[in-house]
Amino acid sequence: MLLGILNAQAEGGGGATYELLETYNATGSPSSVTFSNVSQDYKNLQIRISARTAGGGVYMQFNDDTSNNYVQHVIYRSSSGVSSGANLNQPSLSWNTATNSDTAGNFSAHTIDLADYTNTNKLTTGRSVYTLLAGQVFLTYTSHLWRNTDAITTIRVLAEGSFTNDTRISLYGIRG
Amino acid sequence: MTTPTYDLLSSTVLTSTATSVTISSLPTLDANGNTYKDLILTSQCGTTSSQLQYLGIRLNSDSSGNRLQTFFANYNNSLAANTFGGVTTNWDNASQVRNDLHSFCTFQIFDYTSTNKQKTILFRSSKADYAEALGGARVDATQAVNSVTFSADGFPFLVGSTFRAYGIAG
């Protein structure tokens, strides 16, 4: 039985088909991963990441756009309480990850949803959630915007430094 | 080539009360030989207790206090947050259940078949008339998860309670 669920929290609904498009398991400390020629056969995309990097961060860009067209608003739990914030007009989307200085086996967990990524009449919007329980503690919910109406055909995921082996990045398509 | 996934692995709807529900023999491969990476668990349950009881999940029957957990929540229309370690099975207040109050919870266990990663979990607990909580957890065990047990402080789950598991290949 196959169930597709847009919601990153997998709230038990169903209907659409959820398909694995591509997955990447890091070996050799790469600094970036690129999903090219992203299928245009779906309505929404979900990216699931289990990450650990040299510098403790991961970034995402679409269609090789490196200009300041990315916006995020966040609400997060950290060691200092619950806070909110915004990253306006940035050259990428960004999230924290576990780092190589954390205990072996610590990885952050991320789900990133991109809505209507093939639609050329809408700015590209999405949302994400991730948790990091390592040297730092974060639980973060994010909305994000790419100020561009182009269909997404390329997704580049960059590490701060490099990806540690066993970092896993999977791309899924959700039919609508 | 794409791979349909998000496969229903197990579905339990209680027809009699039970003090725990175990989903065992979780597979590592889907029908086409692809490795499952993430495990999604959902529960919608209540207990026979007249008092609120914590819902808990335990991985691989591991009863050690090896869990670190953080969350923020709306409890009775007030913001709450906490981070604590040494946890064995229990989750946040929004997961609590009793005989007239069910909770709806989801747990996403990342890379559950991995044997060299501690298990990182995203969870959400919803108790419609009282609370909503969003959280993350880390279980300090690198073994692949092959079973999950739901319990509620030893109080039986009510008839009709549901527990489901889905596998996502990656």
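Bear in mind these aren't lab numbers, they're just calculated from the coordinates by the rules spelled out. Only a predicted model underlies this, so the values are computations on that prediction, with no experimental measurement involved. We place every Cβ from the backbone using ideal geometry, glycine too, and count neighbours over all the protein chains shown.
What is the average number of partner chain Cβ atoms found within 10 Å of a Cβ in A:125-138?
That average works out to 4.
Compute the semi-axes of the equivalent ellipsoid of the protein assembly as shown, taking the square root of 5 times each eigenvalue of the Cα gyration tensor, and list them largest first in whole Å.
32, 21, 20
In debye to the nearest 20, how big a dipole does chain B give about its Cα centre with +1 on each Lys and Arg Cβ and -1 on each Asp and Glu Cβ?
The dipole magnitude comes to about 140 debye.
Please compute, for the alpha-carbon atoms of region B:55-120, the extent along each of the three principal axes and give them in descending order in Å.
40, 25, 20
Once you place label points 7 Å from the Cα toward the Cβ at A:Ser29 and A:Thr149, how far apart are they in nm?
Each label point is offset 7 Å from its Cα along the Cβ direction, giving 4.5 nm.
At a Förster distance of 30 Å, what's the computed FRET efficiency of B:Ala128 paired with B:Thr22, Cβ-Cβ distance as r, to 0.05?
FRET efficiency, B:Ala128 to B:Thr22: 0.65.
Looking at chain A as a GNM with Cα springs under 10 Å, which of A:Arg77, A:Arg48, A:Arg156 has the largest mean-square fluctuation?
With Cα springs under 10 Å in chain A, the top fluctuation among A:Arg77, A:Arg48, A:Arg156 is at A:Arg77.
Please compute one quarter of the surface area of the Cα convex hull for region A:68-176 and express it in square nanometres.
The directionally averaged projection comes out at 7.7 nm².
Given charges of +1 on the Cβ of Lys and Arg and -1 on the Cβ of Asp and Glu, with all other atoms neutral, how large is the dipole of chain A about its Cα centre, in debye to the nearest 20?
240
From the P(r) of region B:102-170, could you give the percentage of C-alpha pairs in the tail past 13 Å?
72
Under a straight-distance cross-link criterion of Cα-Cα below 20 Å, which aspartates and glutamates are reachable from B:Lys37, leaving out those fewer than 8 residues away in the same chain?
A:Glu11, A:Glu19, A:Glu22, A:Asp113, A:Asp166, B:Asp7, B:Asp111, B:Asp140
Calculate the FRET efficiency for A:Ser79 and B:Asn116 from the Cβ-Cβ distance with a Förster distance of 25 Å, rounded to the nearest 0.05.
Working from the Cβ atoms, E equals 0.40.
Under the definition of Cα pairs under 8 Å and six or more residues apart, what whole-number percent is the relative contact order of chain A?
In percent, rounded to a whole number, it is 39.
Just want the ordering: B:Arg164, B:Arg138, B:Arg67, A:Arg175, from fewest to most Cβ atoms lying within 10 Å of their own Cβ.
Ranked by crowding around the Cβ, least crowded first: A:Arg175, B:Arg164, B:Arg67, B:Arg138.
Using only the alpha carbon atoms of region B:5-53, find the Kirkwood hydrodynamic radius as the inverse mean reciprocal pair distance, in angstroms to one decimal.
Every distinct Cα pair counted, the radius reaches 13.5 Å.
About the Cα centre, and with charges only on the beta carbon of Lys, Arg (+1) and Asp, Glu (-1), how big is the dipole of the protein assembly as shown? Nearest 20 debye, please.
Roughly 260 debye for the protein assembly as shown.
State, in angstrom, two size descriptors of region B:7-169 derived from its alpha carbons: Rg to one decimal place and Dmax to the nearest whole number.
15.2, 47
Along the positive direction of the dipole of region A:75-176 (beta-carbon charges: Lys, Arg +1; Asp, Glu -1; about the Cα centre), which of A:Thr140, A:Gly126, A:Ser101 reaches farthest?
Of the candidates, A:Gly126 comes out farthest on the positive side.
Show me the chymotrypsin sites (Phe, Trp or Tyr not before Pro) within region A:110-159 that DSSP assigns to loop and that have at most 11 other Cβ atoms within 10 Å of their Cβ.
Passing both the DSSP loop test and the Cβ count: no residue.
Using the 10 angstrom Cβ neighbour count as an exposure proxy, how do A:His73, B:His102 rank, fewest first?
Fewest to most other Cβ atoms nearby, the residues stand as A:His73, B:His102.
Mind sorting B:Lys127, B:Lys119 by how few other Cβ atoms lie within 10 Å of their own Cβ, fewest first?
B:Lys127, B:Lys119
With r defined as the distance between the Cβ atoms of B:Thr15 and B:Thr88 and R0 fixed at 41 Å, what FRET efficiency is calculated, to the nearest 0.05?
The pair B:Thr15/B:Thr88 has a calculated efficiency of 0.90.
Just need the relative contact order of chain B here, percent rounded to a whole number, with Cα pairs under 8 Å and 6+ apart.
41
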